[in-house]
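The values are calculated or read from the model by the stated rules, or taken from the named source; none is laboratory data. Because the structure is predicted, anything quoted here is derived from the model rather than measured. Every residue, glycine as well, gets a Cβ built from its backbone with ideal geometry; the counts of neighbours run over all protein chains shown.
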Amino acid sequence: MGLRLAVDAASGVATITIDRPHKRNAMTRAMWLELPRLLDGLAADPAVRVVVVTGAGGDFCAGADISELTDDRHRGHPSTVAETALAAFPKPTVAAIEGVCVGGGCQLAAACDLRFAASSARFGVTPARLGLVYPASATVRLVRLVGPSAAKYLVYSAELIDAAHALRVGLVDEVVADDVHARVADFARTLASRSLLTQFAAKEIIEAAAAGRPADETARAWQAEAAASGEADEGVAAFLERRPPAFPWTPHR
């Protein structure tokens, strides 16, 4: 048990499952360190166009394994390495969340591009229960998602909020009443059918905008890449011919 990877080459969707259900999928140090290695392989795999992150056994992730925190609190915790790798992953990432999503689990979910939650999901940012300081990278990302006031509510109180509250403040993008995994699988297939070039470009431009950095030069570079790639030619031709597009662009940087 640990992190389980499945790649569906036919759909272009890879799924990383946090698989430690007897601990509500609490992440060990080894699991935090394994995640960036898995992501490196998926970034280089041309068959993979979208990555879904989820948990086994009815929970997303209960955060870091508390039994390891005594050793980690004075030397830095590898959750920040995993979170940074997930946030920097160039292809679309979607979190499929049910059950508990707290602490480091919320940190992982926030590092994904999009978050879909079951209506029964519960969320919390819980360092205040342990006297820990939430990492700067995770705090900044949380503020970008929910704003300063909601971030303070979550971090100050360490209280759990339900999926409806999470949707209202922007912590999740959609709440699913029925089967969140079926909904995410369907949405991931839709993402995989779209232009990867458009998605790569959008990710860089949106991240620049969210960080308050100029995005004009980035946009111009991607527009030049698009013009040379034949991506738009295929998209327009497929639309006119009423067929699914076979976008030709693959990452090369």
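Can you find even one residue in segment 173-189 that is of a type in the set (A, V, I, L, M), surrounded by 11 or more Cβ atoms within 10 Å (Cβ to Cβ), outside any helix (DSSP H, G or I) and modelled with pLDDT of 95 or more? Checked segment 173-189: at least one residue is of a type in the set (A, V, I, L, M), surrounded by 11 or more Cβ atoms within 10 Å (Cβ to Cβ), outside any helix (DSSP H, G or I) and modelled with pLDDT of 95 or more. Any chance segment 195-208 includes a residue that's of a type outside the set (S, T, N, Q) and either at pLDDT below 95 or on the phi > 0 side of the Ramachandran plot (or both)? There is at least one residue in segment 195-208 that is of a type outside the set (S, T, N, Q) and either at pLDDT below 95 or on the phi > 0 side of the Ramachandran plot (or both). Inspection of segment 211-228 identifies at least one residue that is within 19 Å of the chain's Cα centre (by Cα) and either small (Gly, Ala, Ser) or modelled with pLDDT of 95 or more (or both). Just a yes or no: is a residue in segment 213-231 part of a loop (DSSP other than H, G, I, E, B), in contact with a helix residue (DSSP H, G or I) (Cβ under 8 Å, 6 or more places away or on another chain) and touching a residue at least 60 places away in the same chain (Cβ under 8 Å)? No: zero hits. Taken over segment 12-27, the criterion of being out of contact with any Cys (no Cβ under 6 Å at 6 or more places or on another chain) and either of a type outside the set (S, T, N, Q) or surrounded by fewer than 17 Cβ atoms within 10 Å (Cβ to Cβ) (or both) is satisfied by GLY12, VAL13, ALA14, ILE16, ASP19, ARG20, PRO21, HIS22, LYS23, ARG24, ALA26, MET27. Taken over segment 76-102, the criterion of being within 20 Å of PRO135 (Cα to Cα), at pLDDT 95 or above and either of a type outside the set (Val, Ile, Thr) or touching a Leu at 6+ places or on another chain (Cβ under 6 Å) (or both) is satisfied by ALA82, GLU83, ALA85, LEU86, ALA87, ALA88, PHE89, CYS101. Among the residues examined, THR250 qualifies as among the β-branched types (Val, Ile, Thr) and outside any helix (DSSP H, G or I).
Number of residues in segment 104-153 that are more than 17 Å from the chain's Cα centre (by Cα) and free of Cβ contacts under 8 Å to residues at least 40 places away in the same chain: the value is 14. Out of all the residues in segment 45-52, is one or more assigned by TED's automatic domain parsing to the domain that holds ALA88, over 17 Å from ALA111 (Cα atoms) and of a type in the set (A, V, I, L, M)? Yes: one or more hits.
Would you confirm whether any residue within segment 119-129 is among the aliphatic types (A, V, I, L, M), crowded, with 18+ Cβ neighbours inside 10 Å and under 24 Å from SER193 (Cβ atoms)? No. Among the residues examined, GLN199 does not qualify as surrounded by fewer than 16 Cβ atoms within 10 Å (Cβ to Cβ) and either part of a helix (DSSP H, G or I) or among the acidic types (Asp, Glu) (or both).
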